[in-house]
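What follows draws every value from the coordinates through simple rules; no lab data is involved. Please read all numbers here as calculations on a predicted model, not as lab measurements.
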């Protein structure tokens, strides 16, 4: 069993650097109106980069499938959150006559005018 150098290395490289890059790449893909598939591809590439940084900076294992899956799953999750947050903002601002933002990651159909209750 291969053990990484320390948890601090994981938090620095995977969470802080990889997670930040993933959030920004997810938002960038959404802001250019590309599909989610493009964000997934970028997340896979970022997973490779994160694994390389562990290897190059902290003598981690380069070709470790369990560590690659862990890093890539975390990066993919943050990329997805960044994508959804940006897309929800886009839908609510660019199509404000059709949609309202519902939370940080979603939107719903809504109207600016609510019909009166006693319209007869």
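If every alpha-carbon in the chain counts as one equal scatterer, what log10 I(q)/I(0) does Debye give at q = 0.10, 0.12, 0.22 1/Å?
-0.41, -0.53, -1.08
State the extension gain, in nm to one decimal, for the chain segment bounded by residue 49 and residue 8, taking 0.36 nm per residue of separation less the distance between their alpha-carbons.
On the way: separation 41, 0.36 × 41 = 14.76 nm, distance 1.78 nm.
Extra length from residue 49 to residue 8 when fully extended: 13.0 nm.
Based on DSSP H runs of at least 4 residues, each adding -39500 (n - 2.57), what is the mean residue ellipticity at 222 nm of the chain after dividing by all its residues, to the nearest 500 deg cm²/dmol?
Numbers: 4 runs with 70 residues, N = 120.
Dividing the helical sum by the residues of the chain leaves -19500 deg cm²/dmol.
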